[in-house]
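The next block holds one structure in the form of structure tokens; read it before the comments.
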Amino acid sequence: MSWNSRLNLKDLMSLSMLAICFKEPCGPEKLFIGEVPRPEPKDGEVLIKIHATALNRADLLQRKGLYPAPPGESEILGLEAAGVIAGLGPQVRRNFRSGDKVMALLAGGGYAQYAVVPEELLMPVPSHVTLCEAAAIPEAWLTAYQLLHFIGRVKPGETVLIHAGASGVGTAAVQLARLSGAVPVVTAGSPEKLNMALQLGAVAGFNYKECDFSDKILQFTEGRGMDVILDCIGGAWWEKNVRSLAMDGRWVLYGTMGGTAVEGDLLSKLMFKRGHILSSLLRLRSLQYKAELVRSFSEQALPHFQSQGLSLRPVIDTIFSMDDISEAHRHMEANKNIGKIVIKISET
């Protein structure tokens, strides 16, 4: 079939596609490739033929039944994708054309051959970025950008502590903090992960398995603490985080890998620092919020991916095929990855 800029929607409705599926909350071994209906672009939506998607912690939680898709969104896993435009729904206003290389923030549906996305959540793939690299950008980089600028309000010269500094969000946050003139410091669980963060621009890194990172932070800052903390751990590290926080600092929580329970005198310790607790989940935000985030990121950060010898670059750990999706999930669950885990969907 030859796709044109306005494809026949009746034809679309009769077509199917392959997607990675699961029938009930399960382990990674229960993921399988199945045939499902191909989505139909509605008003203001664009159909993407997906070349690659990338894993996120939210995918693991959704697979386990702990993080369902928002109402009305695809229940297929996958919060980001890169590929080419295969068709346009009615009333698309931006100047997209069939075959354009794009990457997209999704609320679901990335683990499939096709996905639909509101045009506001599309970004062009920079010229020196491959489609597999592009698949590693939307969710991680928009999350990091949101945490730093929309939530944490980081300023030039401020210090930023980034936990899981070699993760997808962590490697993005280090580079974006550096780009904004802030001073990134990381924690990670191995010398290899710390070394990657330092190569990307972190000024210091501490192995949380070998030391109390709050001691190291206070030594590094000569007792002052960090202006902003990006925290995906949560309950298990609350006391070390508060101890690491500067006066009037902002503690930005975006994950609870270390649990949600807090035991101890959190409130008085936080009040003593005049600290702020802020939190955010990107997936459940409104289309208007996400569109503004994509617009701001596209203006302020995306141009820095354009040149050869990139000043910003996605970090890819491993590229798996659709057939190896179970192994990809196990790889993330084992915390083995440095940067993003990418799933190649097609040979677009």
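The values are calculated or read from the model by the stated rules, or taken from the named source; none is laboratory data. All values derive from a computational prediction rather than experimental measurement. Cβ coordinates were reconstructed from backbone atoms using ideal geometry, including for glycine residues, and neighbour counts include every protein chain displayed.
Given region 158-241, what helices (runs of 4 or more DSSP H) lie entirely inside it while holding 2 or more residues that are in contact (Cβ under 8 Å) with a residue 60 or more places away in the chain, β-branched (Val, Ile, Thr) and within 20 Å of Ile137 (Cβ to Cβ)?
Working: elements: 168-179, 191-200, 213-220.
The helices (runs of 4 or more DSSP H) meeting that bar are 168-179.
Looking only at region 31-76, which residues are of a type in the set (Val, Ile, Thr) and closer than 12 Å to Ala115 by Cα?
We begin by selecting, within region 31-76, every residue of a type in the set (Val, Ile, Thr); these are 33, 36, 46, 48, 50, 53, 76.
Within region 31-76, Val36, Val46, Ile48, Ile50, Thr53, Ile76 meet the criteria.
If you go through region 265-285 one residue at a time, do you hit one that is more than 24 Å from Thr187 (Cα to Cα) and surrounded by 19 or more Cβ atoms within 10 Å (Cβ to Cβ)?
Within region 265-285 (the criterion being more than 24 Å from Thr187 (Cα to Cα) and surrounded by 19 or more Cβ atoms within 10 Å (Cβ to Cβ)), the answer is yes, since at least one residue qualifies.
Going by the structure shown, is Asp248 acidic (Asp, Glu) and at positive phi? If you could, list the steps in order and put the result at the bottom.
Values: acidic (Asp, Glu): yes; at positive phi: yes.
Yes: the conditions hold for Asp248.
Output the qualifying pairs, or none if there are none: Cβ atoms under 6 angstrom, residues six or more apart or on different chains, first residue in region 134-146 and farther than 16 Å from Ala164 by Cα, second residue crowded, with 24+ Cβ neighbours inside 10 Å and among the hydroxyl-bearing types (Ser, Thr, Tyr).
Ala135/Thr53
In this structure, does Gln146 turn out to be outside the structural domain of Met17 (by TED's automatic domain parsing) and either at pLDDT 95 or above or in contact with a Pro (Cβ under 8 Å, 6 or more places away or on another chain) (or both)? So that I can check it myself, show each step before the final result.
Details: outside the structural domain of Met17 (by TED's automatic domain parsing): yes; either at pLDDT 95 or above or in contact with a Pro (Cβ under 8 Å, 6 or more places away or on another chain) (or both): yes.
Judged against the criteria, Gln146 is a match.
Looking at Ala58, Ala86, Ala107, Ala82, which is the one that is among the aliphatic types (A, V, I, L, M), at negative phi and in contact with a His (Cβ under 9 Å, 6 or more places away or on another chain)? First the steps, then the outcome.
Working: Ala58 fails: in contact with a His (Cβ under 9 Å, 6 or more places away or on another chain); Ala86 fails: in contact with a His (Cβ under 9 Å, 6 or more places away or on another chain); Ala107 fails: in contact with a His (Cβ under 9 Å, 6 or more places away or on another chain).
Being among the aliphatic types (A, V, I, L, M), at negative phi and in contact with a His (Cβ under 9 Å, 6 or more places away or on another chain) holds for just one of Ala58, Ala86, Ala107, Ala82, which is Ala82.
Is it the case, given these coordinates, that Glu24 is surrounded by fewer than 20 Cβ atoms within 10 Å (Cβ to Cβ) and either in the same structural domain as Asn95 (by TED's automatic domain parsing) or over 30 Å from Thr256 (Cβ atoms) (or both)?
On the way: surrounded by fewer than 20 Cβ atoms within 10 Å (Cβ to Cβ): yes; either in the same structural domain as Asn95 (by TED's automatic domain parsing) or over 30 Å from Thr256 (Cβ atoms) (or both): yes.
So Glu24 fits the description; yes.
When you look at Ile277, is it in contact with a His (Cβ under 8 Å, 6 or more places away or on another chain) and of a type in the set (Val, Ile, Thr), yes or no?
On the way: in contact with a His (Cβ under 8 Å, 6 or more places away or on another chain): no; of a type in the set (Val, Ile, Thr): yes.
No; evaluated as a whole, the condition is false for this residue.
Could you tell me whether any residue of region 322-334 is within 19 Å of Ala58 (Cβ to Cβ), in contact with a Phe, Trp or Tyr (Cβ under 6 Å, 6 or more places away or on another chain) and either surrounded by fewer than 18 Cβ atoms within 10 Å (Cβ to Cβ) or not basic (Lys, Arg) (or both)?
yes
Of everything in region 13-35, what is free of Cβ contacts under 8 Å to residues at least 40 places away in the same chain and assigned to a loop (DSSP other than H, G, I, E, B)? Give them in sequence order.
Within region 13-35, Ser14, Leu15, Lys23, Cys26, Gly27 qualify.
Of these, Ala104, Ala140, Ala58, which one is in contact with a helix residue (DSSP H, G or I) (Cβ under 9 Å, 6 or more places away or on another chain), surrounded by fewer than 24 Cβ atoms within 10 Å (Cβ to Cβ), closer than 25 Å to Thr318 by Cβ and among the small types (Gly, Ala, Ser)?
Numbers: Ala104 fails: surrounded by fewer than 24 Cβ atoms within 10 Å (Cβ to Cβ); Ala140 fails: surrounded by fewer than 24 Cβ atoms within 10 Å (Cβ to Cβ).
None of the other options fit; the residue is Ala58.
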